[in-house]
Amino acid sequence: MRRAALRLCALRKELLIPGRGLTQGSQDETGFHIQEVRDKLREIVGASTNWKDHVKAMEERKLLHSFLAKSQKELPPRRMKDSYIEVLLPLGSEPELREKYLTVQNTVRFGRILEDLDSLGVLVCYMHTKNDSLKMSPLSIVTALVDKIDMCKKSLSPEQDIKFSGHVSWVGKSSMEVKMQMFQLHGNEFCPVLDATFVMVARDAENKGPAFVNPLIPGNVEEEELFRQGELNKGKRIAFSSTSLLKMAPSAEERNTIHEMFLSTLDPKTISFQSRVLPPNAVWMESTKLKSLEVCHPQERNIFNRIFGGFLMRKAYELAWATACNLGGSRSFVVAVDDIMFQKPVEIGSLLFLSSQVCFTQNNYIQVRVHSEVASLQNKEHMTTNVFHFTFMSEKEVPLVYPKTYGESMLYLDGQRHFSSMSIPVSLRKDYRVEP
Ligand SMILES: CCCCCC(=O)SCCNC(=O)CCNC(=O)[C@H](O)C(C)(C)COP(=O)(O)OP(=O)(O)OC[C@H]1O[C@@H](n2cnc3c(N)ncnc32)[C@H](O)[C@@H]1OP(=O)(O)O
């Protein structure tokens, strides 16, 4: 499997940027240092570096409206290689970077990686939509969805260099699918450690309505396959959402699962539907909840003066991780992230309420759902902004979680669906290497 991933990586490199290798220090116009990414994004959209200038900067962006295309046909088509970039996170060769990425267990903070992936995904889209005749981009590119992140390694070393690569793999009218990979130096070789698929959406200069993006023309058979996969992913997302338990009743098999679970919690001593007892090695779902509150300060703003999607993911991930460890009673490792939908932007100054809960477990696996809502100090009404789904693996087998209410039963089934949609349980992968 690992060899296959490496072959794919080599193939992708050849296809997209003929003649270029994934070697350390090969920084050029498609290669950036991690610290350059946010600066580059700020430069592309003309974002202010000081909060006090943000209104002026936004006023200037309004002038860019006239540069937006009236139709997609006006825009020159692009190839996948046009958006291909590599970003180096030199944890090994620049030890001063390490502190920001370090966990107390001497591994790399996954929350920080989520932030980097988010910024990288946006930069990839700006590469795809680049117009050399303009100094600033009239597009505001935001993260709409983290479709999938699959880890192929349990934990990462904070002492070895990391490299990211990414390119646009499919486009619609205003949306773009971005594929990213992460590698870590092992000996002399960068080995794949993570695969990610995000969907970004282009908005107008003020981030008020959709804006067209350049078409994407696959250049060869492999690119056609990636593009076809992007089309399939879009179809899968629509199918997944149309059968959502918020819209449709569970399947017969799912209903049976829930009823079996319900029966196994009835107290045999009483003939009642009310007295419930937990089976051995199980916990009630409601007892797995953890909550947190974040005040959204200007420091966490993105280039469009809303809260940075990567920050939201980091906060949600860290709460989810604590929730998983709390249940498992041992260290937990993230193995997959999927279907993080950014439904609404989070305004600066909002109160962000995160609520995390284990909704499904199996053997060593823990499926955690984090729900995020915002409210302002003036308006106390809560609005959902995101729902996050994380799959963790614990060092030990974990208890089963039992729903008590109908609502919790739906959470259980939703968790089970997300768990089952994970490509392959990581423990089954041949390339899954456990860190020493
Ligand atoms: C450092 C820089 C980082 C900056 C990045 C960030 O931090 S961003 C911060 C975090 N993200 C956010 O705040 C975004 C919050 N969400 C939103 O603003 C909005 O939900 C949205 C703009 C993403 C979508 O709004 P709407 O659904 O009203 O837009 P609209 O219906 O016009 O759809 C526009 C395009 O987006 C696609 N689209 C919308 N939601 C989607 C989803 N969940 N998954 C896939 N694709 C989606 C549609 O198919 C359509 O594609 P086609 O047009 O191709 O048919």
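Being of a type in the set (Ser, Thr, Tyr) and touching a His at 6+ places or on another chain (Cβ under 8 Å) is the filter here; which residues of the stretch 357-389 pass it? Spell out the reasoning first.
To start, the set of residues in the stretch 357-389 that are of a type in the set (Ser, Thr, Tyr) comprises 361, 365, 372, 376, 384-385.
Scanning the stretch 357-389 gives a single hit, Thr384.
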Review point. Looking at the stretch 295-309, which of its residues are within 12 Å of Val346 (Cα to Cα) and near the ligand (Cβ under 10 Å from one of its atoms)?
Key: Glu300, Arg301, Asn302, Phe304, Arg306, Ile307, Phe308, Gly309
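Hey, among Leu263, Leu232, which residue is more than 13 Å from the ligand (Cβ to nearest atom) and under 26 Å from Ser71 (Cα atoms)? Step through it out loud before you land on a result.
Working: Leu263 fails: under 26 Å from Ser71 (Cα atoms).
On inspection, the qualifying residue turns out to be Leu232.
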Study note, to complete from the structure: Those residues of the stretch 358-371 which are in contact with a Ser or Thr (Cβ under 7 Å, 6 or more places away or on another chain) and surrounded by 24 or more Cβ atoms within 10 Å (Cβ to Cβ) amount to Val358, Ile366, Gln367, Val368, Val370
Practice item. Quickly run through the stretch 386-401 and pick out the residues that are crowded, with 21+ Cβ neighbours inside 10 Å and under 23 Å from the mean Cα position of the chain (by Cα). Key: Asn386, Phe388, His389, Phe390, Thr391, Phe392, Met393
Review point. Pick from the stretch 189-205 the residues that are touching a Leu at 6+ places or on another chain (Cβ under 9 Å) and more than 11 Å from the ligand (Cβ to nearest atom): which of them is farthest from Ile113 (Cα to Cα)?
Key: Ala205
Check your understanding: When the residues of the stretch 310-327 are filtered to those that are within 24 Å of Met383 (Cβ to Cβ) and out of contact with any Asp or Glu (no Cβ under 7 Å at 6 or more places or on another chain), which remaining residue is nearest to the ligand (Cβ to nearest atom)?
Key -> Leu312
Review point. Among all residue pairs at least 6 apart or on different chains, which show Cβ distances below 6 Å where the first residue, located in the stretch 100-129, is among the basic types (Lys, Arg) and the second is not in a helix (DSSP H, G or I)?
Key: Arg109/Thr103
Practice item. Take the stretch 64-93 and flag every residue that is over 26 Å from the mean Cα position of the chain (by Cα) and either surrounded by 12 or more Cβ atoms within 10 Å (Cβ to Cβ) or under 30 Å from Lys154 (Cα atoms) (or both). Key: Leu64, His65, Phe67, Leu68, Ala69, Gln72, Leu75, Pro77, Ser93
Point to revise | Failed item, numbered, when Leu22 is tested on (1) crowded, with 18+ Cβ neighbours inside 10 Å; (2) part of a loop (DSSP other than H, G, I, E, B); (3) modelled with pLDDT of 90 or more | key: (3)
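On the given criteria, is Lys130 touching a strand residue (DSSP E or B) at 6+ places or on another chain (Cβ under 8 Å) and more than 10 Å from the ligand (Cβ to nearest atom)? Before the answer, list the steps.
On the way: touching a strand residue (DSSP E or B) at 6+ places or on another chain (Cβ under 8 Å): no; more than 10 Å from the ligand (Cβ to nearest atom): yes.
So Lys130 fails the test.
Filter the helices (runs of 4 or more DSSP H) completely within the stretch 34-136 down to those with at least 2 residues that are aliphatic (A, V, I, L, M) and either at pLDDT below 95 or touching a helix residue (DSSP H, G or I) at 6+ places or on another chain (Cβ under 6 Å) (or both).
Numbers: elements: 34-45, 54-62, 80-83, 98-101, 110-128.
Once the helices (runs of 4 or more DSSP H) in the stretch 34-136 are filtered for at least 2 residues that are aliphatic (A, V, I, L, M) and either at pLDDT below 95 or touching a helix residue (DSSP H, G or I) at 6+ places or on another chain (Cβ under 6 Å) (or both), what remains is 34-45, 54-62, 110-128.
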Review point. On the given criteria, is Ile17 within 15 Å of the ligand (Cβ to nearest atom) and either among the hydrophobic types (A, V, I, L, M, F, W, C) or modelled with pLDDT of 90 or more (or both)?
Key: no
Check your understanding: Quick check: anything in the stretch 286-294 in contact (Cβ under 8 Å) with a residue 60 or more places away in the chain, within 30 Å of Glu59 (Cβ to Cβ) and away from the ligand (no atom under 13 Å from the Cβ)?
Key -> yes
Practice item. Kindly list, by first and then second residue, each pair from a residue in the stretch 189-218 that is under 19 Å from Asp147 (Cα atoms) and acidic (Asp, Glu) to a residue that is more than 12 Å from the ligand (Cβ to nearest atom) and assigned to a loop (DSSP other than H, G, I, E, B), limited to pairs with Cβ atoms under 8 Å and residues at least 6 apart or on different chains. Key: Asp195/Cys152
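Output yes when any residue across the stretch 244-253 is in a helix (DSSP H, G or I), at pLDDT 90 or above and surrounded by 12 or more Cβ atoms within 10 Å (Cβ to Cβ), and no when none is.
No, the conditions are met nowhere in the stretch 244-253.
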Review point. Hey, among the residues in the stretch 328-344 that are within 12 Å of the ligand (Cβ to nearest atom) and surrounded by fewer than 17 Cβ atoms within 10 Å (Cβ to Cβ), which one's farthest from Pro399 (Cα to Cα)?
Key: Lys344
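The values are calculated or read from the model by the stated rules, or taken from the named source; none is laboratory data. All values derive from a computational prediction rather than experimental measurement. Cβ sites come from the backbone with ideal geometry, for glycine too, and all protein chains shown count toward neighbours.
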